[in-house]
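*Asks:* I'd like to ask you about the structure that follows.
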Amino acid sequence: MIFPSCEEILNLKAYEVVLPKKNIPWLAELINVSEATPRNLVRITLFMYEDQEVFLVEQSPSIADKMDVVYSCNGEILCQFGGIAGLNTCPNFAETAKKVRIIWLE
């Protein structure tokens, strides 16, 4: 099975559907866990950040200590936002990241 690279995902036309559960194994795992825990993840968005494609995985705002995470295309954690301590490991993300498209929405 061949999985699309981030570049291939970025090149999809607006009318094409990205299926992260089918095409991106590590995202599929996150989504499957979320579906087993209702209202855990609410959105996965593809961004350009520091010259690379990244995925922002957002948890539900109803989670008291929610942690939003930015992943590289291969599933490495690059940034984390939130939690009880108010973690922000990429303080320039909000100002510099460019939204490409939402690829999964609960």
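*Asks:* In terms of modelled amide H atoms, which long-range or inter-chain residues lie less than 5 Å from the amide H of residue 100?
*Replies:* 46, 47, 48
*Asks:* Quick one: accessible surface of residue 78, probe radius 1.4 Å, all protein chains present, in square angstrom to the nearest 10.
*Replies:* Using a 1.4 Å probe on the heavy atoms, I get roughly 60 Å².
*Asks:* OK, next. Using modelled amide H (1.01 Å from N, peptide plane; none on Pro or chain starts), what sits under 5 Å from the amide H of residue 79, excluding residues fewer than 5 places away?
*Replies:* For residue 79, the qualifying residues are 70.
*Asks:* If I model a spin label as a point 7 Å beyond the Cα along the Cα-Cβ vector, how far apart are those points for residue 52 and residue 85 in nm?
*Replies:* Label at residue 52, label at residue 85, 2.2 nm between them.
*Asks:* For region 83-95, in order, what is each residue's ³J(HN,Hα) by Karplus, 6.51 cos²θ - 1.76 cosθ + 1.60 with θ = phi - 60°, in whole Hz (x at glycine and Pro)?
*Replies:* After applying 6.51 cos²θ - 1.76 cosθ + 1.60, I find x, 4, 7, x, 4, 8, 8, 9, x, 9, 4, 4, 7 Hz.
*Asks:* How compact and how long is region 27-96, expressed as Rg and Dmax of its alpha-carbon atoms in Å?
*Replies:* 12.0, 34
*Asks:* Using the basic label-point model (7 angstrom from Cα toward the beta carbon), what is the residue 76 to residue 106 distance in nanometres?
*Replies:* So the label points at residue 76 and residue 106 sit 2.8 nm apart.
*Asks:* Now a separate question. I want to check the label-to-label distance for residue 96 and residue 63. Put each point 7 Å from Cα in the C-beta direction and report it in nm to one decimal.
*Replies:* Rounded to a tenth, the inter-label distance reads 2.6 nm.
The values are calculated or read from the model by the stated rules, or taken from the named source; none is laboratory data. All figures in this text were calculated on a predicted structure; none of them were measured in a lab. Glycine also receives a Cβ, built like all others from the backbone with ideal geometry; neighbour counts cover every protein chain displayed. Areas reflect the complete protein model, heavy atoms only, side chains present, ligands, DNA and RNA absent. Shrake-Rupley method; radii C 1.70, N 1.55, O 1.52, S 1.80 Å.
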